[in-house]
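Peer 1: One structure follows; several queries about it will come next.
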Amino acid sequence: MPRRDGSTSTAEPVAATPSSAKSRRAGSARRKAAGEKRGTSAEKRQLILDTAIQVFAEKGYPDTRISDIAKRAEIAYGLVYHYFKNKEEILDTIFLERWGEFISDVRAIAGDDGPVEEKLRSIAEGILSAHKRQPEWVKILIFEIQRSQRMLGRDRMETIGELFEAIAGILREGQARGELRTDLDPEVACYIFVGGLDTVMTSRVLALMPVDESSPEAEGAHYVQLAKTVVDLFVRGMATPAD
């Protein structure tokens, strides 16, 4: 404003007032409400699950709160409870849906007519390359789900058991074809096979195993080689002796 002497003064910045802070909060609430109106119910539910995977992987399941998930997803806190009772149900849903997709792929591979070694290699590549495609999900599976007390329940053990049943079936098929030794127990062998893959995967998540990440092609080739190594070691031990 002009001074009495004719000079002008620079206006001082106006400090934030309670009313301006209230206005910002109201604006944020309106943006959240607008976001919640967009998308179908299925899309909102999937947003919560996808966001939960990110937060669980970063903070760890025990230290994650529902409010953390809502804040990251930029949705209202109460909307999460519209779809899930608690964070336990969120984690269980993530596991059941992701695991279901994986088991469907394994069953499709098991149903092929190819050689047993090719089937095992396809399964191994799918498991090991999952860290490249979905690193956060793999981290949760290994550290938050696989080693959780909740996995000791009968229903969860049966769900996990579907993988071992499918692989044991492949091994029995190989024995019937004469591709694998018949003096070895296929159930025990399938646990050894999956255990080897689990150890390699855990080493990768812990960054104990170096991977060439100079390009997507190089990284992909590395996972293929990892799978080949595990399967070759396993199958050579189960293979029928050469004449």
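Peer 1: What's the total number of residues in region 92-136 that are among the β-branched types (Val, Ile, Thr) and part of a loop (DSSP other than H, G, I, E, B)? Please lay out each step first, then the result.
Peer 2: Within region 92-136, the first condition is being among the β-branched types (Val, Ile, Thr), and the residues that meet it are 93-94, 103, 106, 109, 116, 123, 127.
The next check asks that each one be part of a loop (DSSP other than H, G, I, E, B); those that pass are none.
Within region 92-136, residues that are among the β-branched types (Val, Ile, Thr) and part of a loop (DSSP other than H, G, I, E, B) number 0.
Peer 1: A further question follows. Tell me, yes or no, whether region 179-187 has at least one residue that is assigned to a helix (DSSP H, G or I), within 27 Å of the chain's Cα centre (by Cα) and either closer than 24 Å to Ser104 by Cβ or of a type outside the set (A, V, I, L, M, F, W, C) (or both).
Peer 2: Yes: one or more hits.
Peer 1: Here's something else I'd like to know. Looking only at residues that are surrounded by 18 or more Cβ atoms within 10 Å (Cβ to Cβ) and of a type in the set (Lys, Arg) in region 119-155, which one is modelled with the lowest pLDDT?
Peer 2: Ranking the qualifying residues of region 119-155, first place goes to Lys139.
Peer 1: Hey, Arg65 hits all of (1) modelled with pLDDT of 95 or more; (2) over 24 Å from Ser148 (Cα atoms) but one; which does it fall short on?
Peer 2: (2)
Peer 1: Taking the condition of being in contact (Cβ under 8 Å) with a residue 24 or more places away in the chain and either assigned to a helix (DSSP H, G or I) or in contact with a strand residue (DSSP E or B) (Cβ under 8 Å, 6 or more places away or on another chain) (or both), how many residues in region 67-91 meet it?
Peer 2: 8
Matching residues to (1) within 24 Å of Ile192 (Cα to Cα); (2) over 17 Å from the mean Cα position of the chain (by Cα):
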site	(1), (2)
Ala70	no, yes
Glu88	no, no
Asp92	no, no
Gly100	yes, no
Pro115	yes, yes
Arg121	yes, yes
Gln134	no, no
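Peer 1: Looking only at region 188-209, which residues are free of Cβ contacts under 8 Å to residues at least 12 places away in the same chain and either surrounded by 16 or more Cβ atoms within 10 Å (Cβ to Cβ) or more than 21 Å from the chain's Cα centre (by Cα) (or both)?
Peer 2: Within region 188-209, just Val188 meets the criteria.
Peer 1: Can you find a residue in region 101-119 that is among the charged types (D, E, K, R), more than 29 Å from Val211 (Cα to Cα) and not assigned by TED's automatic domain parsing to the domain that holds Asp155?
Peer 2: Within region 101-119 (the criterion being among the charged types (D, E, K, R), more than 29 Å from Val211 (Cα to Cα) and not assigned by TED's automatic domain parsing to the domain that holds Asp155), the answer is no, since none of the residues qualifies.
Peer 1: A further question follows. Filter region 210-239 down to residues that are loosely packed, with under 14 Cβ neighbours inside 10 Å and part of a loop (DSSP other than H, G, I, E, B), then give me how many there are.
Peer 2: Number of matching residues: 5.
The values are calculated or read from the model by the stated rules, or taken from the named source; none is laboratory data. Every value quoted in this text rests on a predicted model; they were computed, and no experiment measured them. All Cβ positions, glycine included, derive from the backbone under ideal geometry; neighbour counts span all protein chains shown.
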